[in-house]
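J.: Before I ask anything, here is the structure I am working with.
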Amino acid sequence: LQSVTVELQSRFVSHFPSHLQVTDSRSRRGGRKGSTSSSSSSSSSVAPDPLSSMLEGTDPLSLFAAASELGRKRRENEEEVGADFEPWSAKRGEILARFTTTEKLSIVRYSHYFHPSSAVSEKVRTRLEELDDLEEGSQRELLNLSQQDYVNRIEELNQSLKEAWSSDQKVKALKIVIQCSKLLSDTSVIQFYPSKFVLITDILDTFGRLVYERIWSMCSDPRPIPDSFSVEDVNDTAKETCLNWFFKIASIRELIPRLYVEAAILKCNRFLNKTGIQETLPRLTAMIRGIGDPLVAVYARAYLCRVGMEVAPHLKDSLNKNFFDLLASFRQIHGDTVQNQLVIQRVEIPVYLTLYSPAIHWILQCVAYRAPDVLLTEMMERCKKLGNNALLLNSVMWAFRPEFVAARATDFIGMIKDCDEAGFPKHLLFGSLGRSLACADPPESERLPILNEAWKVITKVRSPQDYINCAEIWVEFTCRHFTKREVNTVLADIIKHMTPDRAFEDAYPQLQSVMKKILTYFHNFSVLFSMEKFLPFLDMFQKDSVRVEVCKSIMEVFIKHQQEPTRDPVILNALLHVCKTMHDSVNALTVEDEKRSLALLINGFIRMVSFGRDFEQQLSFCVEARATFCNLEPVIIQLIHTVNQLAMETRRVMGGSHSRKTAAFVRACAAYSFITIPSLTSIFSRLHLYLLSGQVALANQCLSQADAFLKAAVSVLPEVPRTISVEGKQRSSEAFLLDFINSFLSTLLVVPDHPEQGVLYLVRGLLNMVQDYTWEDNSDAKVRVYISALPLLAAMSQESYLYTIPKVDSNETLYGGDPKFVAEISRLCETLIGQVLDHLKTLGREEGVRRQGSLAFSLFSTLLAHGDLRNNKLNQLAVNLWNLSHKNGHCDTRTSVRTLEHIKQQAQQPELSHLSDMLLRLSLQSRA
Amino acid sequence: LVEVLAGVVVITSKEAVQHQGISLTMEGLVNLQLSSKSVGVFEAFYNSVKPIQLISSNIEVAKPGKVPGGKTEIPFEFPLQAKGNKMLYETYHGVFVNIQYTLRCDMRRPLLAKDLSKTCEFMLHCQPQKSKVQPTPVDFTITPETLQNVKERTSLPKFVIRGHLDATNCVITQPLTGELVVESSEVAIKSIELQLVRVETCGCAEGYARDATEIQNIQIAEGDVCHGLPIPIYMVFPRLFTCPTLETTNFKVEFEVNVVIVLHDDHLITENFPLKLCRV
């Protein structure tokens, strides 16, 4: 009988639906559960409803429903905030970064101690009184907090809010929020106020969201309600809970917390009635008039506008009302109370005024969003009436549409001029104007006067930092509408301001931005470099990393926009200088990626240099470039290619036959390559370039040079390592080496023997190298080279070669089919075949039968294609190889069948009739 | 037309419960207490006036017997009929006057088992009055000259504060509204507040005691507000702590609002407005 409970459910005609659960005091300590409070909801714990919690998550169906709901709503209501409205989230970081302090802060803490009322006499205690506790309760002030401590404290409060909420201590949560918003009435350490505002409104946002979601989830039983619900969808319990929140908030004693907290849960009005929001907003707007401190008031307005824009963006009237109220109370800023405060805190007026900017910007941004021009004009007129207040003017230029501002730029300049110099700094005003003009164009006729007027003021700014902040903005306008002359003047001015005391060192980001803007608008590099001040401007980037960054951006633009190759000495000199800067930044610590990207940019430049028919000039450019860019291998490679290309271009121009002069020139090119290649560290680059340059030399009839290249290639061969690194991974080099040798062999056909060396000097040299090279263990690579050398030798023994180089006599002409030459070739072939056969034998002994079969087959194919099979011995060898390759059944039957068919076809030709005899001896081994 | 209080008694138990009858008692009481200020500490202690019973009734919902285990619901209904020539007043919780309605459920149990009892309060709202309330706007101007209870008028700083209340006969569910303009003030203003005050009068054989206590204080202006700009007066009447203005032979519950202006030199200026609350 321990747990007998008696519960009373009274249904009484009253506005207080009461559902009371009363439990036997023995079984459960009553706490507040058993109290007779009329508020039915906020203290009763509702078990998490799986349905509603799912809905808060990502249930796809309801998401879909919500999305379509949203779509419908958007169609109905054009007034929703679009993507063109810069959201608050974009602003907050900026504010936090900008408004900081080193002063000591203090925070008032209220102890969270509160006692559950248990005594009968306190039965009637309500939350209302608990709220009073908070106000009168024990509080202590924490002094001497650094800014970071302060931020941490606020974050702690934010955390404890969430904790309180999740542990169902709704009253405590409300207390915390009230405590936080109270901090906003404190303007000591005024420089920090905007940041404080950001931090605390974050907490308020969290609170608003929690309350809204809670009530929303109460309506979601049994079925979730759509996002665009109407009052009829809300059940009584939810309404009662919501009403309770509003009653509680209405009884908060102090003005500022009451205002902020009510604004935070503005959205909840949707649960109560249709017109709630549109009635509350004007009321809260008017309530702000009661805030005496103008800074506190303006931020309260900003918060209200922000919440208003989120919840009901179509209610423009309150936004406007806020702005007009702001204007009406504007004189407060210059009132005695404020001035006294500033004196005590030792804050100067210009600094103080900039504290207003974020809030006024935001209010005006809300007001100006999709507002008709008429309204904006009216706003502007109202501002004017306040004696051209600079602070307002600044915000107007920030927040209003750039097009609107641009169209009236001259008016604005007039107003800026009329402003009082002592208050708001003028360069900020011009900065704001410049920002608008950077995105929208003023009437053409006004542009030059605008620039002149603006620059007249900017150039007078003393502080380099202020100066460059403003100048940077105006560079955009200048570049957009004017020629290099004006831009040059601007650059000259910037240099003049930023050079003294090395002021540029603190302004690299701005200077970089200036450079970026110039590069955006000037793609013609001859114009760009003909600006006298461009290079001096470039010289201001003296920190290496920044300098390289800037050079890179220049080169990127050049590569992207330069269409034609150029020989303009101005461009070449300047860019060579730029590239040299990039090159010189390379050191032992530079990462590969950085080197690659630098090399890519420099290569792009080298490719764009052309002196047309002036080949010698081009070559000397390459000589110079080689000296300049010696640390970047890809650039050296590019230079060798460029020179080779130059030689071939010369040949083309001369129609293939060189004059004495051009012959000397192409030899010079060859010499360039020959002495440049050894400096490369990559062995394959060296090999390929030797071969390529050899081919180019040959094509240009420079026989001894070609010989030298090829000989060099052969002599480098033994150095090829067995593994090379490809994209950071170690790979065997064998495949690359075989590729290279094959390509080398095919070149050798046309290379005539050196008169002073023996027959087939290069071929022998190559084969000797192949023989001596330490191949990988268990590799057939050497034999494969031998097999591929056979076709070359066969081709060499022909009467006329398959291909020749014009004006170069190959061995065919040199020897004229001399029997001794042919015999030499045959001997070489025999040796090679002998070597291959020896190798085949060793394979038979080991586990290499599969490799044996494949090698035998490839030798067979070579003999079939290139050998004279009328020779009985060769014929027999071929048949034996065929049989060997089929002996172990490892060969591909389809290839075999196709080979047989090919032989059959060949045998049809009268001169190859002997093949049909051989065909009879080639048996196809059946797989089974 | 008599309204009823209806509901269910819910009995939850694991096993069957033996009992000697379950009854419900409904009671409405006005508790009056004399403040020490009016009659002195000791008298206040002894002389608290006898409570006035407005309504009382008792019904038996179950005869002695057994309630089965599990959840048992027994419905009930009470007609809300005032006792004799008494009237039912709205629920109100004040300092010296308390009007409270309770419902108690008793389960008598055999020897050795404790009787079970549960009490809960229920709220009573008057039937809305049919008649429409005519708003009675009140304009006011506060200057040093209009003040009473001033010792040295010459030491007062100069100020002119004007304003109006939209009505002093207020609907209890609607906020108190109005406007206030600080037209001029020599000394900066520190705060402007609205103080809601209840005035409770208890009468008894020895005479009567009248006490004013604060219900809530709502700040409408903080700091040196902009002169010439109207500041809204707005206050929501808290539930439970306010009721329609009540006047009976034994006691009275009335309400007033004070507009309190605190100057920076801590001068306190108060302007009082009696209110008449009603439910429409």
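The values are calculated or read from the model by the stated rules, or taken from the named source; none is laboratory data. These numbers come from a predicted model, not from an experiment. Neighbour counts run over all protein chains shown; Cβ positions are idealised from the backbone, glycine included.
J.: For residues in region B:147-166 being assigned to a loop (DSSP other than H, G, I, E, B) and within 34 Å of the chain's Cα centre (by Cα), which is farthest from residue B:270 (Cα to Cα)?
T.: To start, the set of residues in region B:147-166 that are assigned to a loop (DSSP other than H, G, I, E, B) comprises B:147-152, B:156-158, B:166.
In the following step, the residues that additionally are within 34 Å of the chain's Cα centre (by Cα) were identified as B:147-150, B:166.
On the way: B:147: 8, B:148: 10, B:149: 11, B:150: 11, B:166: 19 Å.
In this case the residue turns out to be B:166.
J.: Scan region A:396-421 for residues that are of a type in the set (Gly, Ala, Ser) and modelled with pLDDT under 80 and jot them down.
T.: From region A:396-421, those of a type in the set (Gly, Ala, Ser) are A:399, A:406-407, A:409, A:414; that's our starting set.
A:399 - this is the single residue of region A:396-421 that is of a type in the set (Gly, Ala, Ser) and modelled with pLDDT under 80.
J.: Something else now. Quick check on residue A:288: is it assigned to a loop (DSSP other than H, G, I, E, B), within 14 Å of chain B (Cβ to nearest Cβ) and of a type in the set (A, V, I, L, M)? Spell out how you get there, then give the answer.
T.: Details: assigned to a loop (DSSP other than H, G, I, E, B): no; within 14 Å of chain B (Cβ to nearest Cβ): yes; of a type in the set (A, V, I, L, M): yes.
Against the criterion (assigned to a loop (DSSP other than H, G, I, E, B), within 14 Å of chain B (Cβ to nearest Cβ) and of a type in the set (A, V, I, L, M)), residue A:288 does not qualify.
J.: Since residue B:162 meets every condition but one in (1) buried (at least 16 other Cβ atoms within 10 Å of the Cβ); (2) modelled with pLDDT of 90 or more, which condition does it not meet?
T.: (1) is the only condition that residue B:162 fails.
J.: I've got another one for you. Going by what's in this entry, would residue A:838 be described as without any contact (Cβ under 8 Å) to a residue 60 or more places away in the chain, more than 23 Å from residue A:740 (Cβ to Cβ) and surrounded by fewer than 19 Cβ atoms within 10 Å (Cβ to Cβ)? Even if it seems obvious, please write down each step before you answer.
T.: Details: without any contact (Cβ under 8 Å) to a residue 60 or more places away in the chain: yes; more than 23 Å from residue A:740 (Cβ to Cβ): yes; surrounded by fewer than 19 Cβ atoms within 10 Å (Cβ to Cβ): yes.
Taking the combined requirement at face value, the residue satisfies it.
J.: Can you tell me how many residues in region A:156-177 are touching a residue at least 24 places away in the same chain (Cβ under 8 Å) and not aliphatic (A, V, I, L, M)?
T.: Qualifying residue count, region A:156-177: 8.
J.: Just to be sure, is residue B:121 within 11 Å of chain A (Cβ to nearest Cβ), in a loop (DSSP other than H, G, I, E, B) and within 30 Å of residue B:34 (Cβ to Cβ)? So that I can check it myself, show each step before the final result.
T.: Details: within 11 Å of chain A (Cβ to nearest Cβ): yes; in a loop (DSSP other than H, G, I, E, B): no; within 30 Å of residue B:34 (Cβ to Cβ): yes.
In short, no.
J.: Scan region A:367-388 and give yes if some residue there is hydroxyl-bearing (Ser, Thr, Tyr), buried (at least 21 other Cβ atoms within 10 Å of the Cβ) and under 33 Å from the mean Cα position of the chain (by Cα), otherwise no. Steps first, please.
T.: Of region A:367-388, the ones hydroxyl-bearing (Ser, Thr, Tyr) are A:369, A:377.
From the residues that got through so far, the ones that are buried (at least 21 other Cβ atoms within 10 Å of the Cβ) too are none.
Scanning region A:367-388, I find no residue that is hydroxyl-bearing (Ser, Thr, Tyr), buried (at least 21 other Cβ atoms within 10 Å of the Cβ) and under 33 Å from the mean Cα position of the chain (by Cα), so the answer is no.
J.: Let me ask something else. Show me the strands (runs of 3 or more DSSP E) entirely contained within region B:182-280 in which 3 or more residues are touching a helix residue (DSSP H, G or I) at 6+ places or on another chain (Cβ under 7 Å). Break it down stepwise before answering.
T.: On the way: elements: B:189-204, B:207-222, B:231-235, B:251-263, B:268-278.
Of the strands (runs of 3 or more DSSP E) lying wholly inside region B:182-280, those with at least 3 residues that are touching a helix residue (DSSP H, G or I) at 6+ places or on another chain (Cβ under 7 Å) span B:207-222, B:231-235.
J.: If residue B:247 meets every condition in (1) within 14 Å of chain A (Cβ to nearest Cβ); (2) out of contact with any strand residue (DSSP E or B) (no Cβ under 6 Å at 6 or more places or on another chain); (3) closer than 27 Å to residue B:34 by Cα apart from one, which number is that one?
T.: (1)
Every residue, every condition in (1) without any contact (Cβ under 8 Å) to a residue 60 or more places away in the chain; (2) out of contact with any Asp or Glu (no Cβ under 7 Å at 6 or more places or on another chain); (3) within 14 Å of chain B (Cβ to nearest Cβ); (4) surrounded by fewer than 22 Cβ atoms within 10 Å (Cβ to Cβ), yes or no:
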site: A:300; (1), (2), (3), (4): no, yes, yes, no
site: A:307; (1), (2), (3), (4): no, yes, no, no
site: A:315; (1), (2), (3), (4): yes, yes, no, yes
site: A:350; (1), (2), (3), (4): no, yes, no, yes
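J.: Checking residue B:28 against (1) modelled with pLDDT of 85 or more; (2) buried (at least 19 other Cβ atoms within 10 Å of the Cβ); (3) touching an Asp or Glu at 6+ places or on another chain (Cβ under 8 Å): exactly one of these is not met. Which one?
T.: Condition not satisfied by residue B:28: (3).
J.: Of all residues in region B:124-144, count the ones that are among the hydrophobic types (A, V, I, L, M, F, W, C), surrounded by 15 or more Cβ atoms within 10 Å (Cβ to Cβ) and more than 8 Å from chain A (Cβ to nearest Cβ). Give the derivation first.
T.: Here is the first cut: in region B:124-144, the residues among the hydrophobic types (A, V, I, L, M, F, W, C) are B:124, B:126, B:133, B:138, B:140, B:142.
Those left that are additionally surrounded by 15 or more Cβ atoms within 10 Å (Cβ to Cβ): B:124, B:126, B:133, B:140, B:142.
Next cut, more than 8 Å from chain A (Cβ to nearest Cβ) only: B:126, B:133, B:140, B:142.
Of the residues in region B:124-144, 4 are among the hydrophobic types (A, V, I, L, M, F, W, C), surrounded by 15 or more Cβ atoms within 10 Å (Cβ to Cβ) and more than 8 Å from chain A (Cβ to nearest Cβ).
J.: State the number of residues belonging to region A:705-739 that are of a type in the set (Phe, Trp, Tyr) and crowded, with 20+ Cβ neighbours inside 10 Å. Before the answer, list the steps.
T.: So the first thing to find is which residues in region A:705-739 are of a type in the set (Phe, Trp, Tyr), and the list is A:709, A:736.
Those left that are additionally crowded, with 20+ Cβ neighbours inside 10 Å: A:709.
Residues meeting the conditions: 1.
J.: Can I ask one more? Quick check on this structure: which one of A:257, A:282 is within 14 Å of chain B (Cβ to nearest Cβ) and buried (at least 18 other Cβ atoms within 10 Å of the Cβ)?
T.: Working: A:282 fails: buried (at least 18 other Cβ atoms within 10 Å of the Cβ).
Every option except A:257 fails the conditions.
J.: Condition first: part of a helix (DSSP H, G or I) and either facing chain B (nearest Cβ under 7 Å) or hydroxyl-bearing (Ser, Thr, Tyr) (or both). Now tell me which residues in region A:260-279 satisfy that.
T.: From region A:260-279, those part of a helix (DSSP H, G or I) are A:260-264, A:266-271, A:276-279; that's our starting set.
The answer is A:260, and nothing else.
J.: Being in contact (Cβ under 8 Å) with a residue 60 or more places away in the chain and surrounded by fewer than 15 Cβ atoms within 10 Å (Cβ to Cβ) is the filter here; which residues of region B:109-123 pass it?
T.: B:110
J.: When both residues are 6+ apart or on different chains and their Cβ atoms are under 6 Å apart, which pairs have a first residue that lies in region A:862-880 and is surrounded by 12 or more Cβ atoms within 10 Å (Cβ to Cβ), and a second that is in a helix (DSSP H, G or I) and not aliphatic (A, V, I, L, M)?
T.: Going by the 6 Å Cβ cut-off, the qualifying pairs are A:866/A:791; A:869/A:875; A:870/A:914; A:878/A:860; A:879/A:921.
J.: Quick one: in region A:267-279, of everything that is crowded, with 17+ Cβ neighbours inside 10 Å and over 16 Å from residue A:316 (Cβ atoms), which residue is nearest to the chain's Cα centre (by Cα)? Steps first, answer last, please.
T.: Filtering region A:267-279 for residues crowded, with 17+ Cβ neighbours inside 10 Å gives A:267-272, A:276-277.
With over 16 Å from residue A:316 (Cβ atoms) added as a condition, the list becomes A:267-272, A:276.
Values: A:267: 37, A:268: 40, A:269: 43, A:270: 42, A:271: 44, A:272: 47, A:276: 45 Å.
Selected residue: A:267.
J.: Follow-up. Of the residues A:750, A:783, which single one is more than 30 Å from residue A:880 (Cα to Cα) and at pLDDT 90 or above? Write out each step before concluding.
T.: On the way: A:783 fails: more than 30 Å from residue A:880 (Cα to Cα).
Exactly one of A:750, A:783 is more than 30 Å from residue A:880 (Cα to Cα) and at pLDDT 90 or above, namely A:750.
J.: Being farther than 25 Å from residue A:280 by Cα and either in contact with a strand residue (DSSP E or B) (Cβ under 9 Å, 6 or more places away or on another chain) or touching a residue at least 60 places away in the same chain (Cβ under 8 Å) (or both) narrows it down to one of B:183, B:193, so name that one. Spell out the reasoning first.
T.: Details: B:193 fails: farther than 25 Å from residue A:280 by Cα.
The match here is B:183.
J.: Hey, does region A:276-286 have a residue that's in contact (Cβ under 8 Å) with a residue 40 or more places away in the chain and farther than 24 Å from residue B:179 by Cβ?
T.: No, every residue in region A:276-286 fails to be in contact (Cβ under 8 Å) with a residue 40 or more places away in the chain and farther than 24 Å from residue B:179 by Cβ.
J.: Looking at region A:428-446 only, could you name the residues that are crowded, with 19+ Cβ neighbours inside 10 Å, more than 29 Å from the chain's Cα centre (by Cα) and part of a helix (DSSP H, G or I)?
T.: Answer for region A:428-446, where residues must be crowded, with 19+ Cβ neighbours inside 10 Å, more than 29 Å from the chain's Cα centre (by Cα) and part of a helix (DSSP H, G or I): A:428, A:429, A:430, A:433.
J.: Would you point out which residue out of A:300, A:286 is under 18 Å from residue A:192 (Cα atoms) and modelled with pLDDT of 85 or more? If you could, list the steps in order and put the result at the bottom.
T.: Working: A:286 fails: under 18 Å from residue A:192 (Cα atoms).
Step by step, each of A:300, A:286 is checked, and only A:300 is under 18 Å from residue A:192 (Cα atoms) and modelled with pLDDT of 85 or more.
J.: Output the residue which, of all residues in region A:389-407 that are surrounded by 20 or more Cβ atoms within 10 Å (Cβ to Cβ) and farther than 23 Å from residue A:352 by Cβ, is nearest to the chain's Cα centre (by Cα). Walk me through how you get there before you give the answer.
T.: Just the residues of region A:389-407 that are surrounded by 20 or more Cβ atoms within 10 Å (Cβ to Cβ), to begin with: A:389-400, A:405-406.
Narrowing the set further to residues that are farther than 23 Å from residue A:352 by Cβ leaves A:400, A:405-406.
On the way: A:400: 30, A:405: 32, A:406: 32 Å.
The extreme case among them is A:400.
J.: Okay, moving on. State whether one or more residues within region A:220-228 are among the hydroxyl-bearing types (Ser, Thr, Tyr), assigned to a loop (DSSP other than H, G, I, E, B) and more than 14 Å from every other protein chain (Cβ to nearest Cβ).
T.: Kept after step one, since they are among the hydroxyl-bearing types (Ser, Thr, Tyr), are these residues of region A:220-228: A:220, A:228.
Checking which are assigned to a loop (DSSP other than H, G, I, E, B) leaves us with A:220, A:228.
If we keep only those that are more than 14 Å from every other protein chain (Cβ to nearest Cβ) too, we end up with A:220, A:228.
Yes, region A:220-228 contains at least one residue that is among the hydroxyl-bearing types (Ser, Thr, Tyr), assigned to a loop (DSSP other than H, G, I, E, B) and more than 14 Å from every other protein chain (Cβ to nearest Cβ).
J.: Moving to a separate point now. Only one of these is within 12 Å of chain A (Cβ to nearest Cβ) and surrounded by 15 or more Cβ atoms within 10 Å (Cβ to Cβ): B:222, B:254, B:200, B:214. Name it. Explain how you work it out, then say what you get.
T.: Values: B:254 fails: within 12 Å of chain A (Cβ to nearest Cβ); B:200 fails: within 12 Å of chain A (Cβ to nearest Cβ); B:214 fails: surrounded by 15 or more Cβ atoms within 10 Å (Cβ to Cβ).
Answer to the selection: B:222.
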